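> One structure, as C-alpha cells, below. Some questions next.
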Amino acid sequence: MPHSAQALPAAFPDPRRSRTYDSVLELIGNTPLVRLNRLTDGLPATVYVKLDGFNLGGSSKDRIGLNIVREAIAGGELRPGGRITDTGAGNTAIGIALAGNATGHPSSSVPLPTLSPEKARLLEFLGVELLPGRPDVPREDPENWANVAQRRAEAESDGWWSHQESNGDNPAAHIASTGPEIWHQTGGHVTHFLAQIATGGTVSGTGSYLHEQNPEITVVATDFHGSMHSQSNLYRVAAGEPGAEHLERDWPENIDLDVIDRIERREREAAIALGWRAAREEGLLIGLSSALSLGIALELAAEADEDDVFVVFSADSARDYVSREYNLAWLRENDYPELAERLARGDYSAPTHGSTDPDTVLVARADDRVLA
C-alpha cells in the first residue's frame, strides 16, 4: 500500500528570522526537531527526530567537544597551545578539533579501526593526528587504544587527554543544551526519549534534564547486539540479575543507570535496512545508530497512545556511511549479500533472524543493583 505523501513547504523560511554569528562555534546546538510523516503513517503516537547532524562538524559530538575544551581551558587543565588527545569513533575528534583549532590547540585521536574513510579524511583536513590503537585488547596491552592515547598525551609537557567516556563535561553538555532544546521544541509534551547508549553522555545527560522536568518521561538507551557493552557487566547489572550486585563496574562512567529506564538492543542489519528506508521514503539522512533508535521508536509508538510524543536522537548524518552500510557494494562484500539484494529490490523490511539475547532490558532501580 503506498504511503501518504508529505506536503511540500509553501515557501522558504522567513529570512527575517536569520541572523549573524560571531564565531563558527556558535553554530553548535539548537538543531532541528523534525516530525516524521510517511514512516509513522497509521501509528497512534507522534515521532520526532532531533537532527544533530546539522551541527557544524556534522554530529552531536560537536556539543561535547566544545564543552570539554571550554571547561578544560577554564579550569586550567588545558594550557595555552596544549595538544588534546582523545579516543572514540571519530565524531568526538571532529568536535574537539573544531573547538581546538578555534582556540589554538592541536589535537590527536586514536579512532576505532572501523573509522569511515569520510571521517578519516575530514579529520586529516582539520589537521588531526590519527594514531593506530585497538579497543579490543586488554588495558595492559601496549596497543590498547587508551594506552596509545595516554602515551601521546604524556609525550608533550602541555598535552592533555580528554577522557570523553568519563569526563563529566560530556553529559553536562547535553544537560545544558540538548535536553532544554527538546523540552522547548516539544512544548514540554515529550513522553519518550531514545538515544544510542555509546559512552553514555547523550542519553544520560539529556535524560537527566528531561527527568528533572517530568519524571514520567521514559528514557530509552539503544544498542546493537554484539556491541562492546555485550562483553561487559553492564546489562547484567542493569537488569538486576541475581548476584549482579557483586560484579565490577566495567563500562563507561558516563552511563547513568539511575537515568535510563530501559535498554533496547537490535540487530545491525535491521538498522541498516531502516536507514535506507528513511532516506527513500522520508528523505531523512540519518546515521546507523540513529536508524537503530528510530526503528525501536517506531515499534514502541505502534503500541503507544495518541498523546505520546517520541523524540529520537540522531547523532550524525547518512553522509558518514555512504562508503559502508549505505553502499550496496560494501554490503555485498561484508557479510550482508542477502540484505544488499533486498535493498536493491526496494525491500527495506527487517530481518527475520538474529541474536537470541534478550532485546529489552528493563533497568532495575538502584537498590537492586548496588555494586560491590
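> How many residues does region 87-102 hold that are over 19 Å from residue 30 (Cβ atoms), of a type outside the set (Gly, Ala, Ser) and modelled with pLDDT of 95 or more?
Within region 87-102, the first condition is being over 19 Å from residue 30 (Cβ atoms), and the residues that meet it are 87-90, 92-93, 96-97, 100-101.
Next, from what is left, pick out any that are of a type outside the set (Gly, Ala, Ser): 87, 92, 96, 101.
Imposing the further condition that a residue be modelled with pLDDT of 95 or more reduces the set to 96, 101.
Looking only at that region, the number is 2.
> Next up: Which fully enclosed helices (runs of 4 or more DSSP H) of region 126-200 have 3 or more residues being open to solvent by less than 40 Å² (accessible area, probe 1.4 Å) and over 30 Å from residue 306 (Cβ atoms)?
Result: 145-154, 169-173.
> Another question about this same structure. Going by the structure shown, is residue 73 among the β-branched types (Val, Ile, Thr), open to solvent by 40 Å² or more (accessible area, probe 1.4 Å) and at pLDDT 95 or above?
Details: among the β-branched types (Val, Ile, Thr): yes; open to solvent by 40 Å² or more (accessible area, probe 1.4 Å): yes; at pLDDT 95 or above: yes.
Criteria met by residue 73.
> Take residue 22 and tell me if it is among the acidic types (Asp, Glu), crowded, with 24+ Cβ neighbours inside 10 Å and more than 17 Å from residue 130 (Cα to Cα).
no
> Search region 163-182 for residues being among the polar types (S, T, N, Q) and in contact with a helix residue (DSSP H, G or I) (Cβ under 7 Å, 6 or more places away or on another chain), and hand back the single one that is farthest from residue 54 (Cα to Cα). If you could, list the steps in order and put the result at the bottom.
Of region 163-182, the ones among the polar types (S, T, N, Q) are 164, 166-167, 170, 177-178.
Next cut, in contact with a helix residue (DSSP H, G or I) (Cβ under 7 Å, 6 or more places away or on another chain) only: 164, 167, 170, 177-178.
Numbers: 164: 21, 167: 24, 170: 19, 177: 14, 178: 13 Å.
This residue is 167.
> Among the numbered criteria (1) within 21 Å of residue 190 (Cα to Cα); (2) open to solvent by less than 20 Å² (accessible area, probe 1.4 Å), which single criterion is violated by residue 307?
(2)
> Filter region 338-367 for residues that are modelled with pLDDT under 90, touching an Asp or Glu at 6+ places or on another chain (Cβ under 8 Å) and in a helix (DSSP H, G or I) and give the result.
366 - this is the single residue of region 338-367 that is modelled with pLDDT under 90, touching an Asp or Glu at 6+ places or on another chain (Cβ under 8 Å) and in a helix (DSSP H, G or I).
> Which of (1) modelled with pLDDT under 95; (2) farther than 30 Å from residue 330 by Cα; (3) in contact with a Phe, Trp or Tyr (Cβ under 8 Å, 6 or more places away or on another chain); (4) not acidic (Asp, Glu) is the odd one out, the single condition residue 207 does not satisfy?
(1)
> Has region 31-46 got any residue that is within 24 Å of residue 316 (Cβ to Cβ), at pLDDT below 95 and aliphatic (A, V, I, L, M)?
no
> OK, next. Based on this model, can you work out whether residue 95 counts as in a loop (DSSP other than H, G, I, E, B) and in contact with a Gly (Cβ under 6 Å, 6 or more places away or on another chain)?
Answer is no for this residue.
> Restricting to region 201-215, name every residue that is part of a helix (DSSP H, G or I) and not β-branched (Val, Ile, Thr). Before the answer, list the steps.
So in region 201-215, the residues part of a helix (DSSP H, G or I) come out as 201-213.
Hits for region 201-215 are 201, 204, 205, 207, 208, 209, 210, 211, 212, 213.
> Further question on the same structure: Condition (residue is hydroxyl-bearing (Ser, Thr, Tyr) and more than 27 Å from residue 191 (Cβ to Cβ)) applied to region 6-19: is it met by at least one residue?
So far as region 6-19 goes, yes, one or more of its residues are hydroxyl-bearing (Ser, Thr, Tyr) and more than 27 Å from residue 191 (Cβ to Cβ).
> Among the residues in region 306-323, are any touching a strand residue (DSSP E or B) at 6+ places or on another chain (Cβ under 6 Å), assigned to a helix (DSSP H, G or I) and closer than 21 Å to residue 32 by Cβ?
Among the residues of region 306-323, not one is touching a strand residue (DSSP E or B) at 6+ places or on another chain (Cβ under 6 Å), assigned to a helix (DSSP H, G or I) and closer than 21 Å to residue 32 by Cβ, which makes the answer no.
> Let me ask another. Give the number of residues within region 104-122 that are touching a strand residue (DSSP E or B) at 6+ places or on another chain (Cβ under 6 Å) and either not aliphatic (A, V, I, L, M) or not in a strand (DSSP E or B) (or both). Quick ask: steps written out before the conclusion?
From region 104-122, those touching a strand residue (DSSP E or B) at 6+ places or on another chain (Cβ under 6 Å) are 105, 107-110; that's our starting set.
Still in the list and also either not aliphatic (A, V, I, L, M) or not in a strand (DSSP E or B) (or both): 105, 107-109.
Number satisfying all stated conditions: 4.
> For region 286-296, what are the residues that are aliphatic (A, V, I, L, M) and closer than 13 Å to residue 50 by Cα?
286, 291, 294
> Please go through region 220-236 and give me each residue that is farther than 11 Å from residue 362 by Cα and either open to solvent by less than 60 Å² (accessible area, probe 1.4 Å) or of a type outside the set (A, V, I, L, M) (or both), ordered by number.
222, 223, 224, 225, 226, 227, 229, 230, 231, 232, 233, 234
> Here is a check on your reading of the model: is residue 290 open to solvent by less than 30 Å² (accessible area, probe 1.4 Å) and hydroxyl-bearing (Ser, Thr, Tyr)?
Criteria met by residue 290.
> Of everything in region 103-116 that's closer than 27 Å to residue 326 by Cα and open to solvent by 50 Å² or more (accessible area, probe 1.4 Å), which residue is modelled with the lowest pLDDT?
Residue satisfying both the conditions and the ranking: 114.
> Could I ask something else about it? Answer yes or no: is there a residue in region 247-261 that is part of a strand (DSSP E or B), closer than 17 Å to residue 293 by Cα, touching a residue at least 60 places away in the same chain (Cβ under 8 Å) and open to solvent by 20 Å² or more (accessible area, probe 1.4 Å).
no
> Restricting to region 272-287, count the residues that are more than 19 Å from residue 60 (Cα to Cα) and open to solvent by less than 10 Å² (accessible area, probe 1.4 Å).
3
> While we're here: (1) modelled with pLDDT under 95; (2) in contact with an Asp or Glu (Cβ under 6 Å, 6 or more places away or on another chain): which one isn't true of residue 230, the others all being true?
(2)
The values are calculated or read from the model by the stated rules, or taken from the named source; none is laboratory data. Treat the numbers as computed from the prediction; the structure is a model and nothing was measured. Note that we place each Cβ from the backbone using ideal geometry, even for glycine, and neighbour counts take in every protein chain shown. Just the protein is used for accessible areas: all its heavy atoms, side chains included, with ligands, DNA and RNA removed. Shrake-Rupley method; radii C 1.70, N 1.55, O 1.52, S 1.80 Å.
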